[in-house]
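Written out below as structure tokens is the structure these notes cover.
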Amino acid sequence: MNTPANLKFAASHEWVNTEADGTLTIGISDHAQEALGDVVFLELPAVGRLVKAGESVAVIESVKAASDIYAPVSGEVIAINDAAVDAPESVNADAYAVWLFKIKPSDAAELGKLLDAAAYEATL
Amino acid sequence: MTQHTPLYDSHLAANGKIVDFAGWEMPIHYGSQVEEHHAVRKDAGMFDVSHMCALDLAGPDATRYLRHLLANDVAKLTTSGKALYSCMLDDGAGVIDDLIVYFFSPERYRIVVNAGTAEKDIAWMRPRLVGFDASLIVRRDVAMIAVQGPQARERFWTAFPVARAHSVTLENFQAAEWSVDKNTWLIARTGYTGEDGFEVTMPADDAAAVWKALLDAGVKPCGLGARDTLRLEAGMNLYGQDMDENISPYEAGLKWTVDLKDADRDFVGKSVLAGRQCNVRFAGLLLLQRGVMRSHMKVHTALGVGETTSGTFSPTLNQSIALARIPAGIENGSEVEVEIRDKKLKAKVVKPTFVRHGQSLL
């Protein structure tokens, strides 16, 4: 299994990359894509939506089942990846290359609650 | 108690992802369910279906017994090896199971029933043998492999060249017995995918070697996941999902399997069916927006609310399809709304057969 050390993770299987400007880029983990199987549909949040940490903000559907994607931290959705919506199977090909949405965090303290790669792997 | 088929080790060796299915540990996929699906539509795939249960019925009254037990009429089977799809109903015309029955002679039949219902079926069938000179033998000593796809038969013959002569003339829904050493195989031109192919029954001890030979002939192992998307595209019902004891065949799109031609034939459930008013129809749904329909979603129509019974994403059509029970007056071509989570998405009502022989029927 592939769990890059430069990323942070939520126990609900999202990865979080902190950009230079402090915004967060978010996707789902390799473990999550593997468990879901072939991804066929993504429903991403509206840009500008204010979200709370742990809130269901997106839906990912595989041939098998639908799963919620949760906001790892609170903040404002500032971008979504339309290319991923058009090619949902790209999530299976490389879960860490395909981001789903970006959040401008509103509470820096929440970032400290995310898991590092080793701690995330320990939850699996 | 979890059970394993004779091919369990073959599934592990092929990197199958194992899930529980009706008490059986079975592969859901071997990597990609969608790739397996396409392999069956375009080339050839194989499924371990040994969890289904084969039953042998033999005796002078075998035909009379089945004509009483089943809603379809085995009397129409006159060519050896010919098969028939039928529902087995309870006294209230609810579906106990759907099954395939193979005719060898008026005194000898093979019946194949679903895995999850096998014990219930046998418990229903055995006491009803009273008064009939026939015996029912449960064949847990056999394994079954379905080889499906446009190239399935050719690849099977590549693996088993001697079998060609015994199976090349088989028509659709016909089977032939083939003696291998001292054992008997059954090669049936049947399946659950909407493609050509065989369902092959062999002694359990031979199964792993057969699987390997088919693998070497280029047949792709396919799991229960692809089996479900393929059968749904083909518009074939799944017991426990599209129908059960609370549903009559008329409400599950299976009226064509209920044979009422012989007025003198009295089969279990017949009297109830005769008086039944059916105010629902079984239809296909094609989602017109992005999303995936699943079972038990509400379907809002001009004449009231219906329900999806099975739904998935169709890899062939690249959109979501479903089977549904909706009010009887809703015609094909109508637009309805399916409630997916908190949204109502538009869907079109179509005939419940979406794909056959690799081609969209829409």
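The values are calculated or read from the model by the stated rules, or taken from the named source; none is laboratory data. Note that the structure is a prediction, hence the values are computed from the model and not measured. Counting neighbours? That spans all protein chains shown, and the Cβs are built from the backbone with ideal geometry, glycine included.
Of all residues in the stretch B:294-322, those that are more than 14 Å from chain A (Cβ to nearest Cβ) have Cβ atoms under 7 Å from Cβ atoms of residues that are among the basic types (Lys, Arg), 6 or more apart or on another chain, in B:His300/B:Lys344; B:Val305/B:Lys298; B:Gly306/B:Arg325; B:Glu307/B:Lys298; B:Glu307/B:Arg325; B:Thr309/B:Arg325.
Taking the listed residues B:Arg140, B:Arg108, the one that is over 24 Å from B:Glu195 (Cα atoms), crowded, with 16+ Cβ neighbours inside 10 Å and among the basic types (Lys, Arg) is B:Arg108, with no other qualifying. Hey, does the stretch A:52-63 have a residue that's within 11 Å of another protein chain (Cβ to nearest Cβ), charged (D, E, K, R) and out of contact with any His (no Cβ under 6 Å at 6 or more places or on another chain)? Yes, because at least one residue in the stretch A:52-63 is within 11 Å of another protein chain (Cβ to nearest Cβ), charged (D, E, K, R) and out of contact with any His (no Cβ under 6 Å at 6 or more places or on another chain). For the stretch A:33-43, the count of residues that are away from every other protein chain (no Cβ under 13 Å) and more than 16 Å from A:Phe9 (Cα to Cα) is zero. When residues in the stretch B:168-200 are screened for being touching a residue at least 40 places away in the same chain (Cβ under 8 Å), among the hydroxyl-bearing types (Ser, Thr, Tyr) and closer than 23 Å to B:Asp56 by Cα, 2 of them pass.
Where helices (runs of 4 or more DSSP H) fall entirely within the stretch B:1-71, those with at least 2 residues that are of a type in the set (Lys, Arg) and either at pLDDT 95 or above or within 22 Å of B:Ala118 (Cα to Cα) (or both) are at B:33-42, B:62-69. Applying a threshold of 6 Å to beta carbon distances and a minimum spacing of six or more residues, or different chains, the list of pairs starting in the stretch B:201-215 at a residue that is in the same structural domain as B:Ala159 (by TED's automatic domain parsing) and surrounded by fewer than 22 Cβ atoms within 10 Å (Cβ to Cβ) and ending at one that is small (Gly, Ala, Ser) and at pLDDT 95 or above reads B:Ala204/B:Ala143; B:Ala208/B:Ser10; B:Ala213/B:Ala159. Note on the stretch B:180-208: among residues that are farther than 28 Å from B:Lys42 by Cα and polar (S, T, N, Q), the one that is modelled with the highest pLDDT is B:Thr184.
The sole residue among A:Ile26, A:Ile78, A:Ile103 that is away from every other protein chain (no Cβ under 14 Å), surrounded by fewer than 19 Cβ atoms within 10 Å (Cβ to Cβ) and assigned to a strand (DSSP E or B) is A:Ile78.
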